[in-house]
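Here the structure is laid out as structure tokens; the discussion comes afterwards.
The values are calculated or read from the model by the stated rules, or taken from the named source; none is laboratory data. In this text, all values refer to a predicted model and were calculated from it rather than measured experimentally. Ideal geometry is used to build each Cβ from the backbone, glycine not excepted, and the neighbour counts take in all protein chains shown. Areas reflect the complete protein model, heavy atoms only, side chains present, ligands, DNA and RNA absent. Shrake-Rupley method; radii C 1.70, N 1.55, O 1.52, S 1.80 Å.
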Amino acid sequence: MIVILKQNPKEAQVERLLSWLKDQGFDTHISVGKQQTIIGLIGDTTQVDIDLIRSLDAVEDVRRVTEPYKNANRKFHPRDTVVEVGKAGVKIGGGNFQIIAGPCSVESREQIITVAKAVKASGATILRGGAFKPRTSPYAFQGLHAEGIELLLEAKKETGLPIVSEIMDGAHLPLFEEVDMIQVGARNMQNFELLRLLGTLRKPILLKRGLANTLEELLMSAEYIMAGGNEDVILCERGIRTFETATRNTLDISAIPVLHRLTHLPVIVDPSHATGESWLVDPLAAAAAAVGADGLIIEVHNDPIHALCDGAQSVTPEAFDRIAKHVQTLLPFASHEEEGGE
Ligand code: PEP
Ligand code: MN
């Protein structure tokens, strides 16, 4: 349920209202917008006397929010969330478009540092690299684990780029202390215990859509993280399973504008896992930018043919440079705020 306040409410009135709502047993979430201030109520609102709240001094209107996700809902928080990554505060969302790039897996010092320098020179602002890899086969390369994180940290030091890496097990969390953003991969999107744990952090989470999950399920997973107080969640569309076999997955391009309508969280696109083929990364990155994605995450390898993971979909640094330039010509939206609501 949301309580919409009258324009320019008196501070004392708002304080009184918030403490009264608290006494009624609700957690409140306040969102101060350019036009309106909105108080979101979290908890069981089935017994609330809507007419009573509506009659209060500061209140303009009261509306029920029927969607099961509350914190992630744009109705609770009409303004775009801008997530800041790393000490330098690289901004994603609300008109801030960023490209995350790097190899699928960290393989060696030389590899990660070469790729980090190259992608930075082409305009990437965050470095990716997997240290714990969710592989279909237990016999495939599983990542360098703790050493992979160490090498990523070296690349961060060398280039100044903040880093993102995937976590697969909450027990590994201590290794991620200096990792600037933690990725939850598609296969763990509904690992609710992991999501709960990440909700206790004050660090951005990159939440990828599951292979066969609806957008509502994705938003409910974001809600798990946000319910713990961590509001810095970035959603990632990375292709879903369909009957089509020509590409590794099917990029759900409509997910981007739909999510922007449903949620205030930034939405980025992974054209590498969406297609599985390096030649498709450019057109799909372009499509994602054109429909208003807040960023991209692209796999780049200095020697794709010999990559230990996902070589076929990895682009070379030279190709990445062309893609980054192409994408910059296609960015259409300053923000998504007008697209929200009903
Ligand atoms: C990845 O980013 O390397 C990865 C494994 O992605 P996804 O979880 O989307 O498959
Ligand atoms: Mn990969």
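Details
- With Cα atoms, 0 to 90° folded angle of helix 109-121 axis to the chain main axis: 60 degrees
- Net charge of neighbours whose Cβ lies under 11 Å from the Cβ of residue 68, counting Lys and Arg as +1 and Asp and Glu as -1: -3
- Potential lengthening between residue 171 and residue 28 on full extension [0.36 nm per residue; Cα-Cα distance subtracted]: 48.3 nm
- Size of electric dipole in the chain: Cβ of Lys, Arg +1 and of Asp, Glu -1, about Cα centre, debye, nearest 20: 220 debye
- Around the Cα centre of the stretch 10-109, unit charges on the Cβ atoms of Lys, Arg, Asp and Glu (plus for the first two, minus for the last two) sum to a dipole of about 440 debye.
- With the charge dipole of the stretch 1-154 set up from +1 on Lys and Arg Cβ and -1 on Asp and Glu Cβ about the Cα centre, the Cα lying farthest toward the positive end among the listed residues 145, 121, 21 is that of 121.
- Note on the stretch 1-82: the alpha carbon radius of gyration divided by the globular reference 2.2 N^0.38 Å gives 1.01.
- Among residues other than residue 297 with Cβ under 13 Å from its Cβ, the summed charge is -2 (Lys and Arg +1, Asp and Glu -1).
- Surface/4 of the Cα convex hull for the stretch 250-317, nm²: 4.6 nm²
- Helix-only mean residue ellipticity at 222 nm for the chain, each DSSP H run of n ≥ 4 adding -39500 (n - 2.57), per residue, nearest 500: -8500 deg cm²/dmol
- Within the accessible area of the stretch 16-142 (1.4 Å probe), percent carbon and sulfur: 47 percent
- What a 1.4 Å probe finds exposed on the stretch 174-262 is 53% carbon and sulfur by accessible area, rounded to a whole percent.
- 1.4 Å probe accessible area per residue over the stretch 224-342, in Å²: 41 Å²
- Rg and Dmax [Cα atoms of the chain; Å; Rg one decimal, Dmax integer]: 21.0, 68
- In terms of distances greater than 32 angstrom between alpha carbons, the cross-link table entries 10/208; 203/325; 87/325 yield 10/208.
- Only Lys, Arg, Asp and Glu carry charge here, each on its Cβ (+1 for the first two, -1 for the last two); on that basis the stretch 6-68 has a dipole of about 220 debye about its Cα centre.
- Cβ screening of the chain for cysteine pairs under 4.7 Å finds these without a partner: 236.
- Selection from 105, 68, 81, by position along the positive dipole direction of the stretch 62-107 (Cβ): 68
- For the stretch 59-109, the C-alpha radius of gyration divided by 2.2 N^0.38 Å, with N the number of residues, is 1.81.
- Mean projection area, nm², convex hull over Cα of the stretch 54-165: 11.1 nm²
- Accessible-area value, residue 55, 1.4 Å probe, nucleic acids and ligands omitted, Å²: 80 Å²
- Average accessible area per residue (Å²) across the stretch 5-47 - probe 1.4 Å, nucleic acids and ligands excluded: 69 Å²
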